[in-house]
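One structure is given below, encoded as structure tokens.
Read the figures in this text as sums done on the coordinates, not as results from a lab. Keep in mind it's a predicted model, so treat the numbers as computed, not measured. When we count neighbours, we look across all protein chains shown, and the Cβ atoms used for this are built from the backbone with ideal geometry, even at glycine.
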Amino acid sequence: MVPNPVSEVAEFAQEVAEAARDGDPVASEIWADAAREVALTVTASLGRVFEAGTPVAVSWAGSLFRARDLMLEPFRQHVVQMWPSVRLVAPRGMALRGAELLVRSGPFPLFQTLVHVSEE
């Protein structure tokens, strides 16, 4: 079986969230780091596609964002701080649906290397 580090980490998210809410400083720092790192990833990606300061809409996906107090709110604060012209938009569906919309929107050169169509 191939290891899946994402699912392995996700298995512990609830316990770490509970510990953070109970005041555990290490657990709190884990969530703070996660929110900051995801925001950095988003804004770095924006910087590769858009000129700095371009108004752009950003959303989020994934079960970690269910921890609104620990992940979503700090994430939103970091993104706005790093990219002040951002407009944060609540998800309208699942991440897979967003990927499907990108594929169906036609060839967009920036994403061509990321799209793989299975002929099965």
Neighbourhood net charge (15 Å Cβ-Cβ; Lys/Arg +1, Asp/Glu -1) for M71: -2
Relative contact order %, the chain, counting alpha carbon pairs below 8 Å whose residues are six or more apart: 25 percent
S7/S105 FRET efficiency (R0 25 Å; Cβ-Cβ; nearest 0.05): 0.25
For D24, net neighbour charge (Lys/Arg +1, Asp/Glu -1) across residues whose Cβ lies under 13 Å away: -3
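Given the Cα-Cα distance of A52 and D33 and 0.36 nm per residue of separation, how much length would full extension add, in nm?
4.5 nm
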Helix 73-82 vs. the chain, principal-axis angle (Cα, 0 to 90°, nearest 10): 50 degrees
Cα-centred dipole magnitude for the chain, charges only on beta-carbon of K, R (+1) and D, E (-1), debye, nearest 20: 700 debye
Label-point separation, R97 to R68 (7 Å along Cα→Cβ), nm: 1.9 nm
